[in-house]
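Following: one structure in C-alpha cells, then a few remarks.
The values are calculated or read from the model by the stated rules, or taken from the named source; none is laboratory data. These numbers come from a predicted model, not from an experiment. Cβ placement follows ideal geometry from the backbone for every residue including glycine, while neighbour counts extend to all protein chains displayed.
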C-alpha cells in the first residue's frame, strides 16, 4: 500500500492521515457511501463553502471518510480551485472599475467647483462688485480642497504600492486570508492553508462524532 500511496495523487487539502483512512476505507469496500443525490449535493455545497471534512461530517451526519471519498472521486478540490480563481479575477476587475469611476467622479467634481469659482472671479473682474466675492460659497472650497487631497493621496498610494499587493480572500469559514496577487492563480497554497486552519480547529474541538 505504501507504493500505491506514493503513485496516487491526492488533493492538496488531504492530510497523510486522510489518505491512510481513505485507502483503508477502499480496502473495506467503501461501506456507507451516500447514494442520495440531494445528500451528495449538500455535502458538495459545504465543501465548496470551505468547510472542513469533519465539520461536513458532523453537519450532514455522514462518515468523514465517506466525505473524503466523494471529494476525491468527483474532484471537488479542482472545481473549487477553479471557481475561486474566477471569483478573484471578477473581484479584481470590479475593484479596478470602481477605482476608475471614483477618480473620474472626484475629477468631475473638482472641475465643476473650479468652474463655479472661475465664473464668480471673472464676473467680479468685470464689474468690481464686492457682493460677488462676498457671496462665494466657502463650503464648496472645502470640498474642492478635500477632492484635491484625495487625488494626491491616490497618486501617492499608487506610487507606494508594492509590486505584489496582497489580495484578501474571505473564506467559507468566515476567516480572511491574504494572498500575494502574483500567486492568486495558484490557489493550491490558498486552499491548503484553509485546510490547515480547519484541521487545527478540528483538533481543538476534539474527535467527537467520528
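In the set (1) surrounded by 11 or more Cβ atoms within 10 Å (Cβ to Cβ); (2) over 22 Å from residue 156 (Cβ atoms), the condition left unmet by residue 130 is number (1).
For the range 1-113, which helices (runs of 4 or more DSSP H) that fit wholly inside it have 3 or more residues that are within 26 Å of the chain's Cα centre (by Cα) and modelled with pLDDT of 90 or more?
Details: elements: 2-7, 16-27, 37-48, 53-60, 64-73.
Counting at least 3 such residues, we get 37-48, 53-60, 64-73.
Within the bounds of the range 69-86, is there any residue that is within 30 Å of residue 154 (Cβ to Cβ), exposed (fewer than 13 other Cβ atoms within 10 Å of the Cβ), out of contact with any strand residue (DSSP E or B) (no Cβ under 6 Å at 6 or more places or on another chain) and outside the structural domain of residue 12 (by TED's automatic domain parsing)? So far as the range 69-86 goes, yes, one or more of its residues are within 30 Å of residue 154 (Cβ to Cβ), exposed (fewer than 13 other Cβ atoms within 10 Å of the Cβ), out of contact with any strand residue (DSSP E or B) (no Cβ under 6 Å at 6 or more places or on another chain) and outside the structural domain of residue 12 (by TED's automatic domain parsing). Before we move on, is residue 27 surrounded by fewer than 16 Cβ atoms within 10 Å (Cβ to Cβ) and assigned by TED's automatic domain parsing to the domain that holds residue 146? Taking the combined requirement at face value, the residue does not satisfy it.
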